[in-house]
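Asks: Got a structure here, written out as structure tokens. Questions coming.
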Amino acid sequence: MAAEQDDVIRHLLQIEDEASELVKEAQVEAEGIIAAAKARTDAQFKKEFETVSSEIEKNESLKRDNITASHKEQLQQYKDSLTAYKKDFDSFNSLMDSLLKA
């Protein structure tokens, strides 16, 4: 009877060792699956991030160019309006003479 109990206990310990080994193998496999999934998602994120950031940079560059062109056009229009404005030097000189002599 004691031998039978010893055999049962040894058998249960052997089953426990096998179960422990299965759990370790499953854990290693799960870690591998998780690492592979993380690598895939990181690569996908990087690819999509680069796509989005490239699009943002392109739009920003186009907007900056449009603003620069608009600014140059408005500045040129202002300069043209100043050039086209009739200058009355005689009246200006009279005003300056009257102010400075006062």
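The values are calculated or read from the model by the stated rules, or taken from the named source; none is laboratory data. Note that the coordinates shown come from a computational prediction; the quantities given were computed from them, not determined experimentally. Every residue, glycine among them, receives a Cβ derived from its backbone with ideal geometry; neighbour counts consider all protein chains shown. For accessibility, only protein heavy atoms count, side chains too; no ligands or nucleic acids. Shrake-Rupley method; radii C 1.70, N 1.55, O 1.52, S 1.80 Å.
Asks: Among the listed residues ASN59, ASN66, which satisfies the condition of being open to solvent by less than 80 Å² (accessible area, probe 1.4 Å) and of a type in the set (S, T, N, Q)? Write out each step before concluding.
Replies: On the way: ASN66 fails: open to solvent by less than 80 Å² (accessible area, probe 1.4 Å).
Exactly one residue qualifies, and that residue is ASN59.
Asks: Return a yes/no flag: does segment 74-83 have any residue that is surrounded by 10 or more Cβ atoms within 10 Å (Cβ to Cβ), assigned to a helix (DSSP H, G or I) and among the β-branched types (Val, Ile, Thr).
Replies: no
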